[in-house]
Structure formats: structure tokens, C-alpha cells
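Written below as C-alpha cells is the structure these notes are about.
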Amino acid sequence: MATTDMERPGGGGFGTRSWRALTAVPRSWNRFWRRVALYMPKRLYARSLLIVITPMILLQSVVAFVFMERHWQTVTVRLSQAVTRDIAGIIDLLDTFPQPDSYAQIIRIAQERMSLKIDLLPAEPLPPPGPKPFFSILDQALSSEIRKQINKPFWLDTVGNSNIVEVRVQLDDKVLRVFVRRSQAYASNTHIFLLWMVGTSLVLLTIAIPFLRNQIRPILQLTEAAESFGKGRPMPPNFRPRGAEEVRRAGFAFIQMRERIERQIDQRTAMLTGVSHDLRTILTRFKLQLALSGSKVDTEALSQDVDDMQSMLEAYLAFARGEATEDPGRFDLTSYLDKIGEEARLRKRKLKVTLVGEPEVHVRPNAFARLLQNVVGNAFRYAKEVEVKAVHDRGMLVVMVDDNGPGIPEEKREEVFKPFFRLDEARNLDSTGTGLGLAVARDIARSHGGDIKLSDSPLGGLRAMIRVPA
Ligand SMILES: Nc1ncnc2c1ncn2[C@@H]1O[C@H](COP(=O)(O)OP(=O)(O)OP(=O)(O)O)[C@@H](O)[C@H]1O
Ligand SMILES: [Mg+2]
């Protein structure tokens, strides 16, 4: 059935072809737009300017073109026609009244009635044709009209004196020289129209640009606020929803969302603290009762469990406390790397550190130190050889921690991030671990707007990659 084939791109026969025909146009259209988008400016401000300016220029170009083509040309041709008609009339008069004393009358009539200043030169060859102006419809219109209406050798100077056009026509025994005002033969105020057009659009633009900027600023501020919240930094102090209604609504929605999230974090922290605290009290009582019960043989395993539980609770409490809003500040990678160098020496581990880029990063210092400590501490705990490489570039910090330990099988790499999850006990010779380290580390990385990824290391063990905007 054709319809089902069309719905299914893989279908055979007629259906496939019609499917292709149907999708071909949108697909090439999409490709076209993707290419256009590639060359488009990326920022909102530049794009909005483009949206305002492009139609304006397009409209003006079309109007200017049509105007030049139709109006300007037509008017100039008409005016040239009229002037040429006057000149032709004068020539006719000269032919009809060839007596030299009537010339003065003709010259007077031409001056008074036609605003043409004429004089008669003795018969001598016309000057060689002057250089043609590059862009002159006047020259073309006048030439073609003289050729049409008078049909005698003529010489034309539309370039020379800017306000006056000079025409010379070779008559039988003399040369007629006519000075015409340029405005008489030419739609000369056209450029004023263009000037008005360009001028008003410039004025419009100078008004529109600040308005546009004002409309866009609230969007940029909202972006900034959302970004810094995502990175766990405090909101810019001057942030308050402004601008067009939709933008303001988005701003208020963002503030509400932020408050909700903060409330949730607070609740979680409070609950964790409460539970841990209550349990700790009970555990202390447990320990006390165990100690008081006397018979050591039976209770040894039990009190070990109680100790474990207590250390877990301590870890949780520390975590919950640490989560409570710490202000962002400066963190010096160099001194931190020195510190782990010291730790490696004490624990007799082979350590190689590399730092590329600015050593100072902008994070929540204590939380961030805990994040690094948990990951590097794991490497020290589970391996003999460790490599730490930090790259700080364009607002992004990437810390890669490689080790040559047993690594973590791929299918377990998500699970180890769960609280209290530890891999097989055999490898955990050091029994003090609670299995919270990576959970806390990921939490901190994410609250900074980053994350941790685990993979295979070239050293043979685990590679932990921490990426945090800093
Ligand atoms: N570099 C590593 N190499 C091999 N296994 C690792 C490595 N890092 C973590 N693991 C495994 O992942 C588990 C979870 O690690 P996590 O740091 O969360 O807990 P932990 O180190 O056992 O305890 P702690 O809460 O003291 O950090 C560990 O028990 C260990 O089995
Ligand atoms: Mg750990």
C-alpha cells in the first residue's frame, strides 16, 4: 500500500520513490538553511541588527532602483525633449529670418521665453567630442533627442561647468551655441530623494539600535544569571527581571526555579544532617551498651559494625555540612598539586603532575579541594603509579587522573558513583573507605556545572576525567 510505504522510508517500489520525492525538497531546503546559519552571526544582538538592517537596505535598493529606472530616466528624457524642441524652434526661426538684424530679436526671445542663452559663432569646425561622463543619462538623453529632432552635427558638453550645459549645433553658414541650465534638461533634484532616503534610515537606525540593545540586555542578563547558577556561583547582584513581558516572565520563572532548587537542597541537607545526627546518638548508646555488656567474645563483630556505621555517618554528616552554601573563591592549583606531591612521597607512590594554563581557578575552594582529594585519594589508594594532568583553558578546567591500578570494569563505572557502593572487598585492603568518595565528588563537580567521567587509562588502570567550568 502506497500510504504505508510512504510512511516508512525503507519501503520498496513506488513508495520509496515517492517518499524520496516528498522529503527531497525539505531536505535540500534544510541544508540551505544550515549553510546560511553557518555564516550568520552567532550573537543575538548582531542577529537582531541584521534582521532590522537587511530589509531596510533591501527595500531601499529596490525603491532606488525602480525610481532611477523609471522616474528619473523618464523625467530627464522629457526635459531633454523640451529643451531640444526649443533649440529646434530657434534653428527654424534662424532659417526663416536669416537677416542679421533679426538675430538680436531671436536671441532676446530665446533668453526671455525659453531661458536659453544663445549666440552665433562664425562657421568653424566643431571642437572634438569631449570625454563622455561615466554615468550620465543627461548626455545620452540630450544626444538622442538632438539626433532625432534636429539631425545636424552637434557638440555637447555636459561635464564642464557643473550648472550649465553647452550645446553647439553646426548650421549651414554658422554655429549656434546654446547654454542651457542643467536643471532645465535634467531631473536634477533626484539625489535629494536618495539623500532623504539614506538620511532617514540612518536616523531610524540610530534610534532603533539603542532600543534594540535595551531589549536584548535583559535576555543577556538572564543568560548570565542562569549560567552562574548552573555553575554554582551566586547570582549577579544586579539581576532582576526586566524588559519585554516574555523575557520578564522567563526571569521570574528562573528565580522561582532557583528558589525551589535551593529549598530542595536545603531540605535534603537538613534531613541528612538530622537523620545522621539522630542515628549517631543511638549508635553512641549502642556502643556504650556493648561496652557495658562485658562479654567481649560475642560483641567484637558487632562493635566493629557499629564503628563502621559510625564512620559512614560521619562521612555523610561531613558531606551534608560541606554542601551548605560555600561561597566561590580562588583556588590555586599549583599549591594543591604541591600538596598531593607531598602526600605521594609520604605514601610512597610514584606521581607525575602537569599543569597547563592559568593555575588560579574560580570555584568553591573547599568543595573543590574535596572533589580532587576524593579522586586523587582513590588513585593513591588503589594504585602505585599516578599521573595528574590539569588543563585550564578558555574558562574550562579539565583534570585527568590516571593510575596503573586494577581499574573499574566498564559496566561498574556508573555504579561506583552511587553512595556506599564499593567494588569487591578483596581490592579494598584499606577498610576505612565508606564508598561515598565518588558520589560526593560527582555531586561537587555537577554543582559547579561540570561532571566526572571514568574510562580506561593508558597506564593500565582507571582514568578519571573531571571537567569543571572555572
Ligand atoms: N582509581 C581506582 N581504581 C580502582 N578502583 C577504584 C578507583 N577509584 C574507585 N574505585 C572503586 O570504586 C569504589 C567507590 O569509590 P569511592 O571513592 O566512592 O569509595 P571508597 O574509595 O571505597 O571510599 P571513600 O568513601 O573513602 O572514598 C571503590 O570502593 C573502589 O572499589
Ligand atoms: Mg574513595
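Normalising the average separation of contacting C-alpha pairs (under 8 angstrom, six or more residues apart) by the number of residues puts the relative contact order of the chain at 9 percent.
For V66 and H191, compute 0.36 nm times the residue count separating them, minus their Cα-Cα distance, and round to one decimal in nm.
Numbers: separation 125, 0.36 × 125 = 45.00 nm, distance 1.41 nm.
Once the chain is fully extended between V66 and H191, it gains 43.6 nm.
Within a straight-line Cα-Cα reach of under 19 Å, K42 can be paired with the following aspartates and glutamates, leaving aside sequence neighbours fewer than 8 residues apart in one chain: E224, E227.
Computed FRET efficiency, Cβ-Cβ of K412 and D278, R0 30 Å: what is it to the nearest 0.05? For K412 and D278, the calculated efficiency is 0.40. Each peptide among 167-173, 56-62 gets the average number of other Cβ atoms lying within 10 Å of its residues, and from highest to lowest they stand as 167-173, 56-62.
Note: relative contact order over the range 90-211, using C-alpha pairs below 8 Å and six or more positions apart, is 22 percent.
Projecting the Cα atoms of Q149, G199, G230 onto the dipole axis of the range 128-248, where Lys and Arg carry +1 and Asp and Glu carry -1 at the beta carbon, places G230 farthest toward the positive end. If R0 is taken as 51 Å, the Cβ-Cβ distance between I53 and L346 corresponds to a FRET efficiency of 0.20.
Annotation: Cα Rg of the range 101-238 relative to the compact-globule expectation 2.2 N^0.38 Å equals 2.16. The tail of the calculated P(r) for the range 200-326, taken as Cα-Cα distances beyond 20 Å, holds 65 percent of the pairs.
Amide H to amide H distances under 5 Å link L436 with F420, where only residues 5 or more positions off or on other chains count and H is placed in the peptide plane.
For the range 323-470, taking Cα atoms only, Rg and Dmax work out to 14.5, 42 Å respectively. 3J(HN,Hα) couplings calculated from phi for the range 51-67 with the Karplus curve 6.51 cos²θ - 1.76 cosθ + 1.60 (θ = phi - 60°) are, in sequence order, 5, 7, 7, 4, x, 5, 5, 4, 4, 5, 5, 5, 4, 4, 5, 4, 5 Hz; Gly and Pro show x.
Restricting the calculation to Cα atoms, every distinct pair contributes to the Kirkwood radius of the chain, found to be 32.4 Å. Full extension of the chain between Y45 and Q170 gives 38.5 nm of extra length, using 0.36 nm per residue less the Cα-Cα distance.
Where the alpha-carbon atoms of the range 357-402 are placed on the principal axes, they occupy 32, 20, 12 Å, in descending order.
Read the figures in this text as sums done on the coordinates, not as results from a lab. Only a predicted model underlies this, so the values are computations on that prediction, with no experimental measurement involved. No Cβ is skipped: glycine too gets one built from the backbone with ideal geometry, and neighbour counts run over all protein chains shown.
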